[in-house]
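Beneath this line is the structure, given in C-alpha cells, with notes to follow.
The values are calculated or read from the model by the stated rules, or taken from the named source; none is laboratory data. A quick note: this is a predicted structure, and the numbers were derived from the prediction, not measured. Here the Cβ positions follow ideal geometry from the backbone for every residue, glycine too, while neighbour counts run over all protein chains shown.
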Amino acid sequence: MCSWWFCCINYRKSIILKASFFALTDDLKATQRKACQHRLFIYIDQIARSGSIRKAAERLHFASAINRQLIALEEELGTPLFQRLPRKMVLTAAGEALIHHVRQSFKEIEIAQMKIEELKGLRRGEVTVE
C-alpha cells in the first residue's frame, strides 16, 4: 500500500511539474511575442516617418524582412495599415489610428523609464534627520 501511495504522490508531482513547465513555456512565448510586437511597432513608426520600408530598415540598421512582418500584422488585423504607392508608403486610416497609439505607448514607456531612474536616484541619496 505504501508503494501505491508513493506512486500516486510522484505521479501528482509529475503532473504539477509538467503543468508548471508548460505555464512557464507559455509565459516565455507570450513575452517573446510581445517583444516581437514591440519591435514591429518600432518598424511601423519608422516606415510611417520615412515613407519607405527600405529607408526604415536603413535607419534601424535592420536587414530582416520587415515587409513580411508588416503583411502578417495587416492580415492579423484584417486591414491594410499602409497604402503602397509606387515611390512611397502612406498610412491608411487604420494605420493612422494604430500609429497614434504606438507613439503614445512609446511616450508612456519613456515616462516610466524616467520615473524608474528617478527612484534609483532616491535610493542612493543620503537622508539627514535632525
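Just to be sure before I move on: is E76 loosely packed, with under 10 Cβ neighbours inside 10 Å and assigned to a helix (DSSP H, G or I) in the structure I sent? First the steps, then the outcome.
Values: loosely packed, with under 10 Cβ neighbours inside 10 Å: yes; assigned to a helix (DSSP H, G or I): yes.
Yes; evaluated as a whole, the condition is true for this residue.
List the number of the failed condition for I109; all other conditions in (1) over 16 Å from D45 (Cα atoms); (2) modelled with pLDDT under 90 hold.
Among (1) over 16 Å from D45 (Cα atoms); (2) modelled with pLDDT under 90, I109 violates only (1).
Return yes or no: is T92 modelled with pLDDT of 85 or more and hydroxyl-bearing (S, T, Y)?
So T92 fits the description; yes.
Taking the residues in region 47-69 that are touching a helix residue (DSSP H, G or I) at 6+ places or on another chain (Cβ under 6 Å) and modelled with pLDDT of 90 or more as candidates, determine which candidate is farthest from R84 (Cα to Cα).
Filtering region 47-69 for residues that are touching a helix residue (DSSP H, G or I) at 6+ places or on another chain (Cβ under 6 Å) and modelled with pLDDT of 90 or more, the one farthest from R84 (Cα to Cα) comes out as S50.
Find all pairs meeting these conditions: Cβ atoms under 6 angstrom apart; at least six residues apart or on different chains; first residue within region 40-68 and touching a residue at least 12 places away in the same chain (Cβ under 8 Å); second residue of a type in the set (K, R) and in a helix (DSSP H, G or I).
Q46/R59
So E126 ticks every box in (1) of a type in the set (D, E); (2) modelled with pLDDT of 85 or more; (3) outside any helix (DSSP H, G or I) but one. Which box is left unticked?
(2)
Among the residues in region 79-87, are any among the aliphatic types (A, V, I, L, M), modelled with pLDDT under 90 and either surrounded by 12 or more Cβ atoms within 10 Å (Cβ to Cβ) or outside any helix (DSSP H, G or I) (or both)?
no
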